[in-house]
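*Asks:* Quick one: this structure, given as structure tokens, is what I'll be asking you about.
The values are calculated or read from the model by the stated rules, or taken from the named source; none is laboratory data. Everything quoted here is computed from the prediction, not taken from an experiment. Note that we place each Cβ from the backbone using ideal geometry, even for glycine, and neighbour counts take in every protein chain shown. The accessibility values were calculated without ligands, DNA or RNA, using every heavy atom of the protein model including side chains. Shrake-Rupley method; radii C 1.70, N 1.55, O 1.52, S 1.80 Å.
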Amino acid sequence: NIDPLIGFPKNITIDFGNGCTSLNGIARSGKINVTLSDSLNKTGAIAVMTFENYIVNGFKNEGTLTWTTTTQNNIKSWTRKSENGKVTEPGGRYWLHAGMQTVTQTDGLATPFNFADDGFSITGSHTVTSQEGISGTAEITEALEKKVICANIDKGKVKLQGPNHFAIIDYGDGTCDNKATVSIDGNTPRNILLW
């Protein structure tokens, strides 16, 4: 449901009803509500997403996601803020989450109608806290780079900090591949493959 069809602000409701399953086997029920203040191509436009009894494969999702367009001088950019997030498993165990990311276009600026040469830089952090109060944070310590033509992030570093240990994931030198390394507690990095 989209109201109004023309003009802003615009309210969009995606209603999965009592449940439906996608072709790839993901079961969803409930509603996703989105409010758009203006066209997302306009600087300052805000999109706010909330959930109404929204359940994915038995996991209930709650919270507010807010995207704000921060484009300046024809360089596309936006922020994504997650607040009051909560994921509850079927048995009742839950995790809280919150974070903020900034995405800025870095490649393909001269060819606005050719999306294949676009590339983006991502910065920010996200924290997840268990119901016992144990937290883990993912902080981008070196901006992640993602080219549209690459299936995976191809450059940058993320530090995953738990209560007792930390890991650094290094996505490499910008080569478009599925390879990265992980180092735990500062030990020698090990090669890993990305999906």
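*Asks:* Take the residues in segment 118-142 that are assigned to a strand (DSSP E or B) and among the aliphatic types (A, V, I, L, M); name whichever of them is farthest from residue 77 (Cα to Cα).
*Replies:* Here is the first cut: in segment 118-142, the ones assigned to a strand (DSSP E or B) are 119-130, 135-142.
With the extra rule that they be among the aliphatic types (A, V, I, L, M), the set shrinks to 122, 128, 138, 140.
Values: 122: 10, 128: 25, 138: 21, 140: 17 Å.
Within segment 118-142, the match that is farthest from residue 77 (Cα to Cα) is 128.
Residue-wise test of (1) at pLDDT below 95; (2) under 29 Å from residue 131 (Cα atoms).
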site: 13; (1), (2): no, no
site: 19; (1), (2): yes, yes
site: 36; (1), (2): no, no
site: 72; (1), (2): yes, no
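*Asks:* Out of the strands (runs of 3 or more DSSP E) lying entirely within segment 47-117, which hold 1 or more residues that are buried (at least 17 other Cβ atoms within 10 Å of the Cβ), basic (Lys, Arg) and over 17 Å from the mean Cα position of the chain (by Cα)?
*Replies:* Details: elements: 59-69, 77-88, 94-107.
Because the criterion is at least 1 residues that are buried (at least 17 other Cβ atoms within 10 Å of the Cβ), basic (Lys, Arg) and over 17 Å from the mean Cα position of the chain (by Cα), the strands (runs of 3 or more DSSP E) in segment 47-117 that meet it are 59-69.
*Asks:* Output yes when any residue across segment 170-183 is open to solvent by 80 Å² or more (accessible area, probe 1.4 Å), modelled with pLDDT under 95 and either within 30 Å of residue 27 (Cβ to Cβ) or under 21 Å from the mean Cα position of the chain (by Cα) (or both), and no when none is.
*Replies:* For segment 170-183, residues open to solvent by 80 Å² or more (accessible area, probe 1.4 Å), modelled with pLDDT under 95 and either within 30 Å of residue 27 (Cβ to Cβ) or under 21 Å from the mean Cα position of the chain (by Cα) (or both): absent.
*Asks:* Hey, another quick one. Tell me which of these residue 141 doesn't satisfy, since it passes every other one: (1) under 20 Å from residue 81 (Cα atoms); (2) more than 17 Å from the chain's Cα centre (by Cα); (3) not small (Gly, Ala, Ser).
*Replies:* (2)
*Asks:* Still on this structure, I have one more. Tell me, please, whether a residue that is within 29 Å of residue 38 (Cβ to Cβ) and open to solvent by 50 Å² or more (accessible area, probe 1.4 Å) can be found in segment 147-163. So that I can check it myself, show each step before the final result.
*Replies:* Start the filter on segment 147-163 by keeping residues that are within 29 Å of residue 38 (Cβ to Cβ), which leaves 147-148.
Within this subset, residues satisfying the condition of being open to solvent by 50 Å² or more (accessible area, probe 1.4 Å) are 147-148.
Checking segment 147-163: at least one residue is within 29 Å of residue 38 (Cβ to Cβ) and open to solvent by 50 Å² or more (accessible area, probe 1.4 Å).
*Asks:* Does any residue in segment 93-121 that is touching a residue at least 60 places away in the same chain (Cβ under 8 Å) come within less than 9 Å, Cβ to Cβ, of a residue that is small (Gly, Ala, Ser) six or more places away or on a different chain, and which pairs are these?
*Replies:* Once the first residue is touching a residue at least 60 places away in the same chain (Cβ under 8 Å) and sits in segment 93-121, no partner that is small (Gly, Ala, Ser) comes close enough.
*Asks:* If the Cβ limit is 6 Å and pairs must be 6+ apart or interchain, which residue in segment 177-188 that is β-branched (Val, Ile, Thr) pairs with which residue that is not in a strand (DSSP E or B)?
*Replies:* What qualifies is 181/189.
*Asks:* Still on this structure, please answer the following. Among the residues of segment 7-21 satisfying the criterion of being surrounded by 10 or more Cβ atoms within 10 Å (Cβ to Cβ) and either among the small types (Gly, Ala, Ser) or free of Cβ contacts under 8 Å to residues at least 24 places away in the same chain (or both), which is farthest from residue 53 (Cα to Cα)? Explain how you work it out, then say what you get.
*Replies:* If we filter segment 7-21 for residues that are surrounded by 10 or more Cβ atoms within 10 Å (Cβ to Cβ), which is where we start, we get 8-16, 19-21.
Subset that is either among the small types (Gly, Ala, Ser) or free of Cβ contacts under 8 Å to residues at least 24 places away in the same chain (or both): 13-15, 19-21.
Numbers: 13: 13, 14: 12, 15: 10, 19: 11, 20: 14, 21: 16 Å.
Here the answer is 21.
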